[in-house]
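Report on the structure given below.
The values are calculated or read from the model by the stated rules, or taken from the named source; none is laboratory data. Remember, it's a predicted structure, so these values are computed and weren't measured experimentally. So basically every Cβ, Gly included, is an ideal-geometry build from the backbone, and we count neighbours across all protein chains shown. Each accessible area value is taken on the protein alone, full model and side chains, heavy atoms only, with ligands, DNA and RNA left out. Shrake-Rupley method; radii C 1.70, N 1.55, O 1.52, S 1.80 Å.
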Amino acid sequence: MADRRSRMLEYVIDNERVDVSELAGRFAVSQVTVRKDLDQLEKRGLIRREHGHAVAIAPDNLHSRLAFHYDVKRRIAAAAAELVPNGATVMIESGSCCALLADALGRTRRGVTIVTNSAFIADYVRTAPGLSVVLLGGDYQVESQVTVGPLVEECLQNFHVEQLFIGIDGYTAEAGFTARNHLRAAVVKAMARRADEVIVLTESLKFPRQGAVPLLPVGAVSRLVTDSNLPIPLKEQLSGAGVTIDQVQAG
């Protein structure tokens, strides 16, 4: 049941407003069951109920996204944290897996500095004793709690790091890695120019899926940390393009 609610939450987030009857058909359960699931999600503050519909609070709300496949995202974050040595300075862009990576670094590493444009991440790890956080200034996007725009890109000129960790909204062999928001995509591209290695953290359900705007070509990404449900044809295509793939057990 918990997994069904998790998948239902993701579907509502992706579609923003969904009819109860559509959810019942998609998940092969009764409308009564759907309403009970939606009641639980609403009580947790993850969606809003309207007459006959479920409505996403905000597509970029990280509190909602963290609740979706939380255990798998924790495993992805833990695997990514193993790549970061004590004392390192890394860049981390916004995203639920990225937020959990920052938390994992705070619990398992010492002397790590995180450079980020995510106010959510900065707040999420504010009590971690082993971390220092540099929050990049810029225009503030309220829903996603990130900074974007030319001021962020100007701030980035003061940094060069070995590792940049990012999330994505989709990947196809034809389009490469994609995102939903062009302003956030521009920041990721600027971050990538200031890093030796770009590492993508995401669940396998993003493969294949295409976001609205290009993010990075496959050749700009050196490593992918995902779960064991990554489609084999895309795994082979990514590996053939030189991407190192680390996989954790899916839920």
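From the list GLY219, GLY211, GLY240, the lone residue that is of a type outside the set (Ser, Thr, Tyr), without any contact (Cβ under 8 Å) to a residue 24 or more places away in the chain and closer than 30 Å to ASP139 by Cβ is GLY219. Evaluated against (1) crowded, with 20+ Cβ neighbours inside 10 Å; (2) out of contact with any Lys or Arg (no Cβ under 7 Å at 6 or more places or on another chain), GLY170 falls short on exactly one condition, (2).
Residues being touching a strand residue (DSSP E or B) at 6+ places or on another chain (Cβ under 8 Å), over 17 Å from ILE166 (Cα atoms) and open to solvent by 60 Å² or more (accessible area, probe 1.4 Å) are entirely absent from the range 96-107.
Answer yes if at least one residue in the range 152-160 is open to solvent by less than 10 Å² (accessible area, probe 1.4 Å) and assigned to a helix (DSSP H, G or I), and no otherwise. Checked against the condition, which is being open to solvent by less than 10 Å² (accessible area, probe 1.4 Å) and assigned to a helix (DSSP H, G or I), the range 152-160 yields at least one hit.
Taking the range 182-221 as the range and being charged (D, E, K, R), assigned to a helix (DSSP H, G or I) and either open to solvent by 50 Å² or more (accessible area, probe 1.4 Å) or closer than 19 Å to ALA77 by Cα (or both) as the test, the residues that pass are LYS189, LYS206. Inside the range 142-170, residues that are within 18 Å of LYS206 (Cβ to Cβ) and not aliphatic (A, V, I, L, M) make up a count of 5.
Only one of the numbered conditions (1) in a loop (DSSP other than H, G, I, E, B); (2) more than 28 Å from LEU183 (Cα to Cα) is violated by GLU143, and that is (2).
Assess whether GLY87 counts as being open to solvent by 30 Å² or more (accessible area, probe 1.4 Å), of a type in the set (Gly, Ala, Ser) and part of a loop (DSSP other than H, G, I, E, B). Judged against the criteria, GLY87 is a match. Scanning the range 128-145 for residues that are surrounded by 18 or more Cβ atoms within 10 Å (Cβ to Cβ) and within 26 Å of ASN86 (Cα to Cα) returns ALA128, LEU131, VAL133, LEU136. Counting only helices (runs of 4 or more DSSP H) that fall entirely inside the range 5-68 and contain at least 1 residues that are at pLDDT 80 or above and open to solvent by 10 Å² or more (accessible area, probe 1.4 Å), the qualifying elements are 20-27, 31-43.
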